[in-house]
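This structure is in C-alpha cells; I'll ask about it shortly.
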Amino acid sequence: MRSEIHNDIQDSIKAQAQVADWIAIKEHYIKGKKIDVLLQSKRTRHTIAAEVQLTERHAVENIILDLSVGCDKVWIISINKKISNRIERRASRKLNMFVLEKVRFLVLDDFIPNLKNNK
C-alpha cells in the first residue's frame, strides 16, 4: 500500500508534467511492471519512468525493470539528498555506464520546490 506522501508526490509530478505538455499516467503498467508516473512527450513519444523513492529500497531494481520494459529514461525522485546519494552510489556499483546514462537522480525539493508549502 502506498503512503499518502508517495501518492501526493505522484500527483504533483503528474500535474507538473501536464503543464509542460507531456502525457502523464500515474501507476501505469507496462508488461507487468508498475511505474509510479509514466511521462511521454506528445511531440516525440519519448518516455520517462518517474519513480518516487521514499527510501533506497528497490531503486536499482526499478531502474533495470523500467528500462527493460521499454522506457527511454528513468528519473529516480528521492525525498531528500541523503537517500538520493545512497541510491546513486548503489546504482553506480551495480549498473554499467550505458544504463546510468539513461538515469537522472533528482531530489524532491529541486523537482517540486513548492510541494511542502501546498500541504
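What number, rounded to the nearest 500 deg cm²/dmol, is the helix-based mean residue ellipticity at 222 nm of the chain, given -39500 (n - 2.57) per DSSP H run of at least four residues and division by all its residues?
Working: 5 runs with 48 residues, N = 119.
That comes out to -11500 deg cm²/dmol.
What ranking of Phe105, Phe98 emerges when the number of other C-beta atoms within 10 Å of each C-beta is taken as an exposure proxy, fewest first? Let's see the in-between values first.
Numbers: Phe105 22, Phe98 8.
By the 10 Å Cβ count, ascending, the order reads Phe98, Phe105.
Among bridges DSSP assigns within the chain, what percent are antiparallel (round to 5)? Can you show the working numbers first?
Details: 12 of 23 bridges.
Bridges in the chain are about 50 percent antiparallel.
Right, next: Only counting other Cβ atoms within 10 Å, I'd like Glu51, Glu56 sorted with the fewest neighbours first. Display every interim value, and only then the final one.
Working: Glu51 24, Glu56 19.
Final ranking by Cβ density, sparse to dense: Glu56, Glu51.
Now for a different question. How high is the FRET efficiency from Glu4 to Arg104, r the C-beta distance, R0 22 Å, rounded to 0.05? Intermediate results must be reported in sequence, preceding the final value.
Details: r = 25 Å, r/R0 = 1.15.
Step by step, r from the Cβ atoms, then E = 0.30.
When Asp66, Asp21 are ordered from fewest to most other Cβ atoms inside 10 Å of their Cβ, what list results? Show your work: numbers first, answer last.
Numbers: Asp66 28, Asp21 9.
Exposure proxy ranking, most exposed first: Asp21, Asp66.
Follow-up question, since we're still on this one. Taking θ = phi - 60°, what integer Hz values does the Karplus form 6.51 cos²θ - 1.76 cosθ + 1.60 yield along the stretch 47-55, in sequence order, with x for Gly and Pro?
Coupling constants for the stretch 47-55: 10, 10, 8, 9, 10, 8, 10, 7, 9 Hz.
If amide H atoms are built 1.01 Å from N in the plane of the peptide, which residues on other chains or at least 5 residues away come under 5 Å of the amide H of Ile35?
Here the answer is His28, Tyr29, Ile30, since their amide H atoms fall under 5 Å of that of Ile35.
For the chain, what is the relative contact order in percent, using Cα pairs closer than 8 Å and at least 6 residues apart in sequence?
Values: 178 pairs, mean separation 22.5, N = 119.
Once normalised by length, the contact order is 19 percent.
Only the coordinates and a few stated rules stand behind these numbers; no lab work does. Quick caveat, the model's predicted, so the values are computed rather than measured. Glycine gets a Cβ as well: all are built from the backbone with ideal geometry, and neighbour counts include every protein chain shown.
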